[in-house]
1. Any idea which of Arg222, Arg259 is under 21 Å from Ser13 (Cα atoms) and assigned to a helix (DSSP H, G or I)?
2. Report, by residue number, each residue of segment 201-225 that is open to solvent by 30 Å² or more (accessible area, probe 1.4 Å) and more than 16 Å from ligand 2 (Cβ to nearest atom).
3. Only one of Ala93, Ala42, Ala68 is aliphatic (A, V, I, L, M), over 19 Å from Asp218 (Cβ atoms) and free of Cβ contacts under 8 Å to residues at least 60 places away in the same chain. Can you tell me which?
4. Among the residues of segment 17-28, is there at least one that is in contact (Cβ under 8 Å) with a residue 24 or more places away in the chain, in contact with a Ser or Thr (Cβ under 9 Å, 6 or more places away or on another chain) and of a type in the set (A, V, I, L, M)?
5. Can you tell me how many residues within segment 193-213 are more than 15 Å from ligand 1 (Cβ to nearest atom) and over 16 Å from the mean Cα position of the chain (by Cα)?
6. Return the only residue of Ser13, Ser32 being hydroxyl-bearing (Ser, Thr, Tyr), open to solvent by less than 30 Å² (accessible area, probe 1.4 Å) and within 15 Å of ligand 1 (Cβ to nearest atom).
7. Considering only residues that are in contact (Cβ under 8 Å) with a residue 40 or more places away in the chain and among the acidic types (Asp, Glu), look in segment 159-200 and name the one that is least open to solvent (accessible area, probe 1.4 Å).
Amino acid sequence: MGNIPDSHPRKASLLSRQRIVDATKDGFLADSAMIAHGRGEAFDYLLGEKTSDSAKLAIKEVAARLIAAKKPVISVNGNTVVLAGKNIIRVAAVLNCPIEVNIYYRTEDRMEKLNSFLEKQKELLSQENSPEGWKGDWSSAVMSVKILGKVGDGRIEGLDGPRSVCSAEGIERADVILVPLEDGDRCEALVNLGKQVLVVDLNPLSRTAKMATVTIVDEISRAAELLLEYTIKNDQMPTKWNNNGILNEALEIIAKNSRTI
Ligand code: ATP
Ligand code: MG
């Protein structure tokens with residue numbers, strides 16, 4: 001995989017796919033992670049594998065809402081950690097907010113692996129230069145990002161069984177939650193609790209995309225890079241957001257791209 005030429009038009013997609021394959025072999029992901037990724041790839045193909053202008057607006061809105069939040073949290077699953085872990089940590093450092101590992105098929109082994117992977121990434125990131133435009137002590141901002149989730153002492157009301165488990169310090173008390181790649185049921189339960197739920201989902205027709213407060217219809221690694229840029233820029237207040245409008249724009253792009261094939 002290391003020898004895909006830079007000129008290959010779908011290099012980024014092939015590298016992401018390989019990362020998911022490798023992380024599955026290493027026990028970081030449940031087998032179903034590959035299926036979820038494949039569905040994402042299909043929608044990304046239809047969207048032209050680039051961030052649309054309307055997705056950029058959604059990312060700006062998400063940045064503004066996370067900045068304005070009283071108790072924000074970023075909830076990550078395995079795919080998000082593997083594909084965008086570094087930029088998610090950088091965003092959390094800029095926002096001074098915790099990250100919660102919250103996975104659909106919760107096992108102690110995967111929770112431990114994802115948790116220690118993020119802690120290791122934090123150490124590496126704390127030694128790098130601060131991202132462009134950010135001022136302050138980057139090393140201590142990164143190292144003070146709390147990684148929650150190992151202790152499942154909170155509950156998401158409205159869900160049953162292991163899927164209701166969360167961190168009391170994270171999702172349970174948060175007012176604004178960024179949950180890339182969330183499942184529809186959980187997204188609905190969180191919205192019903194009165195929380196703002198900000199999601200990243202390439203499928204504009206999923207229940208998650210439809211239920212969320214703000215949906216970024218974009219690939220998580222591209223979206224996380226822009227989210228970092230906009231969070232640092234911090235030049236916008238939350239707006240009155242029309243989420244259905246943004247989903248329709250994504251569907252328009254898919255329809256337009258489908259006609260040219
Ligand atoms: P829902 O539960 O919302 O009705 P679903 O059950 O069809 O949706 P899941 O399997 O719960 O879907 O989650 C996978 C979702 O994540 C898909 O909608 C897919 O498009 C999206 N997805 C997968 N990989 C990525 C990625 N890299 N970036 C953004 N979205 C992704
Ligand atoms: Mg689902």
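The values are calculated or read from the model by the stated rules, or taken from the named source; none is laboratory data. This structure is a prediction, so every number in the text was calculated from the model and none was measured. Because the Cβ atoms are built from the backbone with ideal geometry, glycine has one as well, and the counts that use them run over all protein chains shown. For accessibility, only protein heavy atoms count, side chains too; no ligands or nucleic acids. Shrake-Rupley method; radii C 1.70, N 1.55, O 1.52, S 1.80 Å.
1. On the way: Arg259 fails: under 21 Å from Ser13 (Cα atoms).
The match here is Arg222.
2. Initial filter on segment 201-225 (open to solvent by 30 Å² or more (accessible area, probe 1.4 Å)): 205, 207, 210-211, 213, 221-222, 225.
The answer is Thr213, Ser221, Arg222, Glu225.
3. Details: Ala42 fails: over 19 Å from Asp218 (Cβ atoms); Ala68 fails: free of Cβ contacts under 8 Å to residues at least 60 places away in the same chain.
Every option except Ala93 fails the conditions.
4. There is no residue in segment 17-28 that is in contact (Cβ under 8 Å) with a residue 24 or more places away in the chain, in contact with a Ser or Thr (Cβ under 9 Å, 6 or more places away or on another chain) and of a type in the set (A, V, I, L, M).
5. Pass one, segment 193-213, residues more than 15 Å from ligand 1 (Cβ to nearest atom): 193-196.
From what is left, the residues that are over 16 Å from the mean Cα position of the chain (by Cα) are 193-195.
Counting residues in segment 193-213 that are more than 15 Å from ligand 1 (Cβ to nearest atom) and over 16 Å from the mean Cα position of the chain (by Cα) gives 3.
6. Details: Ser32 fails: open to solvent by less than 30 Å² (accessible area, probe 1.4 Å).
Checking each option against the conditions leaves just Ser13.
7. Out of the qualifying residues, it is Glu182.
Residues are listed down the side, and each one gets a yes or a no for (1) within 16 Å of ligand 1 (Cβ to nearest atom); (2) under 30 Å from Ile253 (Cβ atoms); (3) touching a Pro at 6+ places or on another chain (Cβ under 6 Å):
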| site | (1), (2), (3) |
| --- | --- |
| Pro98 | no, no, no |
| Val101 | no, no, no |
| Tyr105 | yes, no, no |
| Val151 | no, no, no |
| Leu159 | yes, no, no |
| Gly170 | no, no, yes |
